[in-house]
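Notes to accompany the following structure.
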Amino acid sequence: MANLKETKLNNKGFSLVELIIVIAIMAVLIGVLAPQYLKYVEKSRVSTDRDNVTSIESALQVWAVDPDATSTFTNGETITLQRTGTAAATGAAADALTNAGMSTTPPNLTNKQTFPSVTITVNVNSTTGAVTITNNLP
């Protein structure tokens, strides 16, 4: 019984070798998982940018078919989204964004590599008055 008490008192924790092994295992796991995490972060940024473009296009389409709209689109009206700095929407595009509860200043793009800028263009058919909205997303 005295021998058992001595071994408990002498056991003070982990040895240096055990700690180094645990740190090495953690370093390998981080090295394997970090690139995957960064890839998913960039995918979420691209998804956010696509959602922003879709929201802006929806606001423009709703404004185009609204019979009570106070302003109408002109052919070739554009809204440009960029990574740094933004271009403010003007005319009917600004009215459409404001009435949709959005800012007339389009949001910055958050992606790092996929596309540097996105242009949303409003085209009005001069014969029928039909409005089509396009973008240059890859």
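The values are calculated or read from the model by the stated rules, or taken from the named source; none is laboratory data. In this text, all values refer to a predicted model and were calculated from it rather than measured experimentally. Because the Cβ atoms are built from the backbone with ideal geometry, glycine has one as well, and the counts that use them run over all protein chains shown. Areas reflect the complete protein model, heavy atoms only, side chains present, ligands, DNA and RNA absent. Shrake-Rupley method; radii C 1.70, N 1.55, O 1.52, S 1.80 Å.
Can you say whether Ser103 is modelled with pLDDT under 85, over 23 Å from Val124 (Cα atoms) and of a type outside the set (D, E, K, R), as far as the supplied structure shows?
Yes: the conditions hold for Ser103.
Which of (1) under 19 Å from the mean Cα position of the chain (by Cα); (2) aromatic (Phe, Trp, Tyr); (3) surrounded by 14 or more Cβ atoms within 10 Å (Cβ to Cβ) is the odd one out, the single condition Tyr37 does not satisfy?
(3)
Filter segment 54-65 down to the residues that are open to solvent by less than 60 Å² (accessible area, probe 1.4 Å), out of contact with any helix residue (DSSP H, G or I) (no Cβ under 6 Å at 6 or more places or on another chain) and either free of Cβ contacts under 8 Å to residues at least 60 places away in the same chain or not charged (D, E, K, R) (or both) and list them by number.
If the condition is that a residue be open to solvent by less than 60 Å² (accessible area, probe 1.4 Å), out of contact with any helix residue (DSSP H, G or I) (no Cβ under 6 Å at 6 or more places or on another chain) and either free of Cβ contacts under 8 Å to residues at least 60 places away in the same chain or not charged (D, E, K, R) (or both), then Ser55, Ile56, Ser58, Ala64 are the ones that fit.
Yes or no: segment 113-132 includes at least one residue that is surrounded by 14 or more Cβ atoms within 10 Å (Cβ to Cβ), of a type in the set (S, T, N, Q) and assigned to a loop (DSSP other than H, G, I, E, B).
Among the residues of segment 113-132, at least one is surrounded by 14 or more Cβ atoms within 10 Å (Cβ to Cβ), of a type in the set (S, T, N, Q) and assigned to a loop (DSSP other than H, G, I, E, B), which makes the answer yes.
Within segment 53-70, count every residue that is in a helix (DSSP H, G or I) and either closer than 12 Å to Ala93 by Cβ or among the polar types (S, T, N, Q) (or both).
So the answer is 10.
So, in segment 77-95, of the ones that are closer than 14 Å to Glu57 by Cα and either at pLDDT below 80 or not acidic (Asp, Glu) (or both), which residue ends up surrounded by the most Cβ atoms within 10 Å (Cβ to Cβ)?
The selected residue is Ile79.
Within 15 Å of Asp66 (Cα to Cα), without any contact (Cβ under 8 Å) to a residue 24 or more places away in the chain and either open to solvent by 70 Å² or more (accessible area, probe 1.4 Å) or part of a strand (DSSP E or B) (or both): is that true of Thr98 in this structure?
Against the criterion (within 15 Å of Asp66 (Cα to Cα), without any contact (Cβ under 8 Å) to a residue 24 or more places away in the chain and either open to solvent by 70 Å² or more (accessible area, probe 1.4 Å) or part of a strand (DSSP E or B) (or both)), Thr98 qualifies.
Is it true that Asp51 is surrounded by 10 or more Cβ atoms within 10 Å (Cβ to Cβ), at pLDDT 90 or above and within 22 Å of Ile120 (Cα to Cα)?
yes
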